[in-house]
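S.K.: Here it is, the structure in full.
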Amino acid sequence: MDDISNRKFEHIEICLREDVEMHCNTTGFEDVWLVHRCLPEIDVEEIELETDFLGFKLRAPLLISAMTGGHPKAKEINSALAQVVEEMGLAMAVGSQRAALLDESLVDTFAVVRKKAPTAYIIANIGAAQLVGHFDVNDVRKAIDMIEANALNIHLNPAHEFSQMAGDLKFRGVLQAIKRVSEAIEVPVIVKETGCGISREDAIRLVEEGLVKAIDVAGAGGTSWCKVEALRARRRGNGFKADVAEAFAEWGIPTVVSLIEVKSGVDVPVIASGGVRSGVDCAKAIALGADLVGIALPALRAVSHGANALKAYLSVLIEQLRGAMFLTASRSLKDLKRVDVVITGRVKEWLQMRGVDIKEYLRKRRAI
Ligand SMILES: Cc1cc2nc3c(=O)[nH]c(=O)nc-3n(C[C@H](O)[C@H](O)[C@H](O)COP(=O)(O)O)c2cc1C
């Protein structure tokens, strides 16, 4: 098994055992307040969580974010994730399919997802840096066909690549490569970060020049890939790389800030992810304009105890979301997008510094 496959396994192992989350650069959900309604005038049983994402119906606005594949252990994880996603009517993205494009024996670690989730919304995944010089449109088609994907994630991860031993450091030409792929393939392209967020300026370029159909902000505040790579480098005795990577452990645009920046810049569906840890976080993200909410690390940790543990974890999350909807008098996700929101503290400062008129943003969101 090659280096990429082993690295994938090491990533999972580190994410399961170590503290890989940000602590200083938080998501910003703590600065978002949904105004409580003591007179909701609805019954909990009326609350409807169904949603539509890029023309596909989901039973709840939840995505298991891109994580794995490319190693036998990853097949087991993908199989359980897919089984739960199918049963619960949610969406799921697979991890980078690079390893399987280079080694056919690893294809089934991804293909198992479609076998276990024949009707679910499944997203393929490839790194933007690998589209420059490594893979062409035919490889991307192979990745999509491998899992009969409904959409393609192209991940932008410059901080991760920079922190990684032997990371891919050539990012010149990435936007053109994304455009080439978007023009050639039949499924929509969703560009995502991997935990450092996406700015308004980059979102505008991605949508206008890169023909991207949706954006997953994957902001800062949750899993830190620079932290993961620092831990990996330290384990392998590469003190130089570990010391460099550690400085970026808390790098990035907080998830809430990124969500508002992107949503205020482009008119495409947006997935809020990066450090989403409760159904209340989900409700806040949707109230701020997110169309879907993505979760990676907690899903990995839950599924490491089996499919039932993941199901139990997601059921709690969904019930928390329902609770937040009840307490804001929201019968539907559409209603939730119109509730009163207060933004305080660091998020307010960030947005003011970045020239976002918060009140106008919240007013416009209500008018849609
Ligand atoms: C074990 C693991 C592997 C990951 N692998 C990928 C990947 O291959 N491709 C990708 O786009 N994102 C990958 N991610 C990033 C997640 O999709 C997500 O953007 C990030 O972890 C932030 O979400 P979280 O805070 O909920 O974990 C991975 C995350 C985890 C935890």
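S.K.: Could you sort the peptides 43-53, 94-104 by per-residue average Cβ neighbour count (10 Å cutoff), highest mean leading?
M.R.: Values: 43-53: 13.5, 94-104: 22.5.
Order by mean packing, descending: 94-104, 43-53.
S.K.: With a cut-off of 8 Å between alpha carbons and a minimum separation of six or more residues, what is the relative contact order of the chain in percent? All intermediate terms of the calculation are to be shown ahead of the outcome.
M.R.: Numbers: 771 pairs, mean separation 80.0, N = 368.
In percent, rounded to a whole number, it is 22.
S.K.: Within 10 Å of each candidate Cβ there may be at most 13 other Cβ atoms; applying that plus a DSSP loop requirement, which GluC sites (Glu not before Pro) in segment 165-200 survive?
M.R.: Working: sites: Glu183, Glu186, Glu193; in loops: Glu186, Glu193.
For GluC sites (Glu not before Pro) across segment 165-200 that sit outside H, G, I, E and B with at most 13 neighbouring Cβ atoms in 10 Å, the list reads Glu186.
S.K.: Can you tell me the 0 to 90 degree angle between the C-alpha axis of helix 225-235 and the longest principal axis of the chain, rounded to 10?
M.R.: Helix 225-235 sits roughly 40 degrees off the main axis of the chain.
S.K.: Here's a follow-up. Take the alpha carbon gyration tensor of segment 117-226, find the square roots of its eigenvalues, order them as a ≥ b ≥ c, and report rounded if a/c is under 1.5; if not, report prolate when a/b exceeds b/c, else oblate.
M.R.: Numbers: a/c = 1.37, a/b = 1.30, b/c = 1.05.
Because its axes are fairly even, with a/c under 1.5, segment 117-226 counts as rounded.
S.K.: Additional query: Report, to the nearest 10°, how far helix 255-265 tilts away from the longest principal axis of the Cα atoms in the chain, using its own Cα long axis and a range of 0 to 90°.
M.R.: 80
S.K.: Go through Lys73/Lys192; Lys170/Lys337; Lys73/Lys142; Lys227/Lys364; Lys142/Lys364; Lys170/Lys359 and tell me which ones have a Cα-Cα distance over 30 Å in this structure. Write down the numbers at each step before the final one.
M.R.: Numbers: Lys73/Lys192 25 Å; Lys170/Lys337 39 Å; Lys73/Lys142 22 Å; Lys227/Lys364 37 Å; Lys142/Lys364 41 Å; Lys170/Lys359 40 Å.
In this structure, Lys170/Lys337; Lys227/Lys364; Lys142/Lys364; Lys170/Lys359 exceed 30 Å between Cα atoms.
S.K.: For segment 165-237 and segment 1-50, write down the distance between their C-alpha centroids in whole Å.
M.R.: Cα centroid of segment 165-237 versus Cα centroid of segment 1-50: 19 Å apart.
S.K.: Which shape class applies to segment 226-350: rounded if a/c is under 1.5, otherwise prolate when a/b exceeds b/c and oblate if not, where a ≥ b ≥ c are the square roots of the Cα gyration tensor eigenvalues?
M.R.: Details: a/c = 2.85, a/b = 1.46, b/c = 1.96.
It comes out oblate by the Cα gyration axes.
S.K.: Helix-only mean residue ellipticity at 222 nm, the chain, DSSP H runs n ≥ 4 weighted -39,500 (n - 2.57), per residue, nearest 500. What is it?
M.R.: Working: 17 runs with 171 residues, N = 368.
Mean residue ellipticity at 222 nm (helix-derived): -13500 deg cm²/dmol.
S.K.: Ratio to report: Rg/Rh of the chain, with Cα atoms as the point set and Rh obtained by the Kirkwood method; give two decimals.
M.R.: Rg/Rh for the chain comes to 0.95.
S.K.: Helix 137-146 against the longest principal axis of the chain: what's the angle in degrees, Cα atoms only, rounded to the nearest 10?
M.R.: Between the helix axis and the principal axis of the chain, the angle is about 70 degrees.
S.K.: Of the DSSP beta bridges with both residues in the chain, give the percent that are antiparallel, rounding to the nearest 5.
M.R.: Looking only at bridges with both residues in the chain, the antiparallel portion is about 20 percent.
S.K.: Further question: Going by a ≥ b ≥ c, the root eigenvalues of the Cα gyration tensor, does segment 15-77 fall in the rounded group (a/c under 1.5), the prolate group (a/b larger than b/c) or the oblate group? Please report the intermediate quantities before stating the final value.
M.R.: Numbers: a/c = 2.92, a/b = 1.43, b/c = 2.04.
Oblate, since a/c reaches 1.5 and b/c is not below a/b.
Rule-based calculations on the coordinates, nothing more; no lab input. Here the structure is a predicted model, which is why all the values come from computation and not from measurement. In this analysis, Cβ positions are derived from the backbone assuming ideal geometry, glycine residues included, and neighbour counts consider all displayed protein chains.
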